[in-house]
Amino acid sequence: MLLESAVRDALLEDLGSGDVTTSSVIPSSQKARGVALAKRAGVLAGVEVSAKVFRTTDPSCKIAIQKGDGSRLVEGDSIMEVVGLAAPMLMAERVALNFLQRMSGIATETAKYVEATKGLKVKIVDTRKTTPGLRALEKYAVLVGGGFNHRFGLYDGVLVKDNHIALLRGLGLALNEAVRALKAKVPHTMRVEVEAGDLAKVREALEAGADAILLDNMDADEIKAAVKMVGGLAILEASGGITLENVRRIAETGVDVISVGAITHSAPSLDISLEIEPVLM
């Protein structure tokens, strides 16, 4: 349902009342063959999404997928072939490539972080910093790249952030009271995570009974100290300011999870093109 909705909305955004260029110059009966080609190396994600776009504009088209999600692409690789009516293919082209390029870019960027921490017992996870309406597809691409998903939204995970804590204190409530209230209300399967920006707040979160603590914008030395302080009594997540240049050093502190917003909000799209040629009848 989410996939169908995303594809429908994207096509509506691009097509509007119709493709004035294609409808004016391409005969409705003309057939074509399109081949999606990788223009640079990366990790492929979104093949089925892209295929769904072509099938939506032309249900009779034939699609042959040569590379599946998770494939390591090199420049020039053929990803899939589409044969069908030329006009619907042209109408689907940009939307299909947008999904494929965006998702592959996220998978590729995620894979870089996973590779940078190879051999260390840490999980690279995403955040909620995603494109509105495309979160499910972007988080799927993270999985394809070898990463893990954080909470999907506000409804499936507890994270007491700095603004929550500021409001609670303004109301005269201590953090341990908030944690106790949360544990009384949420399912027993749901962890309570608390954000901490310094070591004093880490200790406060630990003493409040947090199941997990988010170490916000701490450097490697602070994170290492937090790992020692907590001693395995809570899951520790490093977040904020994580880059490919420092992620391994952060991982080497012994932290359990590293969340990286950049793998979704700043991943460059992977360059993929669709080469179309007429099919003579």
A student asked for the Cα radius of gyration and Dmax of the chain in angstrom ought to give 23.2, 78
Please order Asp126, Asp19 by the number of other Cβ within 10 Å, starting at the fewest.
Asp19, Asp126
Just going by the charge dipole of the chain, with Lys and Arg at +1 and Asp and Glu at -1 on Cβ, which of Val158, Gly16, Ser29 is farthest out on the positive end?
Val158
Residues of the range 44-85 with backbone nitrogen within less than 19 Å of a virtual label 7 Å along the Cα-to-Cβ line of Asp271, please, listed as ranges.
44-45, 72-80
Given the options Asn98, Val144, Leu44, identify the residue whose Cα lies farthest towards the positive end of the charge dipole of the chain (+1 on Cβ of Lys, Arg; -1 on Cβ of Asp, Glu).
Val144
Within the set Tyr155, Tyr140, Tyr113, GNM on the chain using Cα springs under 10 Å gives the largest fluctuation to Tyr155
Relative contact order of the range 227-267, please, whole-number percent, based on alpha carbon pairs below 8 angstrom and at least 6 residues apart.
47 percent
With only Lys, Arg, Asp and Glu charged, each at its Cβ (+1 for the first two, -1 for the last two), find how big the charge dipole of the chain is about the Cα centre; round to the nearest 20 debye.
480 debye
Lysine pairs in the range 105-168 8 or more apart or on different chains: how many have alpha carbons under 24 angstrom apart?
11
Taking the chain as a Gaussian network, Cα atoms linked when under 10 Å apart, which of Ser269, Ser78, Ser29 shows the biggest mean-square fluctuation?
Ser29
Hey, rough spin-label estimate for Arg94 and Asp198, points 7 angstrom out along Cα→Cβ, what's it come to in nanometres?
5.1 nm
If the cut-off is a Cα-Cα distance under 17 Å, which lysines reach Lys52, setting aside same-chain residues fewer than 8 apart in sequence?
Lys62, Lys67
Per-residue Cβ contact counts at 10 Å, fewest first, order Ile250, Ile242 as Ile242, Ile250
Using label points projected 7 Å from each Cα along Cα→Cβ, tell me how many nm separate Arg72 and Leu171, to one decimal.
5.1 nm
Report the normalised scattering of the range 114-265 as log10 I(q)/I(0) at q = 0.08, 0.19 Å⁻¹, calculated by the Debye formula with identical scatterers on the alpha carbons.
-0.22, -1.21
Cα centroid distance between the range 199-217 and the range 136-153, in Å?
25 Å
Rel. contact order, % - alpha carbon contacts under 8 angstrom, at least six apart, the range 114-265:
29 percent
Contact order relative to length of the chain, as percent, for alpha carbon pairs under 8 angstrom and 6 or more apart
23 percent
Which residue, Glu177, Glu204, Glu222, has the most motion in a Gaussian network model of the chain that connects Cα atoms within less than 10 Å?
Glu177
Rounded to the nearest 5, the percent of antiparallel DSSP beta bridges in the chain equals 50 percent
How big is the dipole moment of the range 114-265 about its Cα centre under a simple scheme where the beta carbon of each Lys and Arg is +1, that of each Asp and Glu is -1, and everything else is neutral? Debye, nearest 20, please.
380 debye
Spelling it out for Ala41: with amide H atoms placed in the peptide plane at 1.01 Å from N, the residues 5 or more places away or on another chain with amide H under 5 Å from its amide H are Glu75
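Values in this text are rule-based calculations from the coordinates and carry no lab data. Here the structure is a predicted model, which means the values were calculated and not measured. Cβ atoms come from the backbone with ideal geometry, glycine included; neighbour counts cover every protein chain shown.
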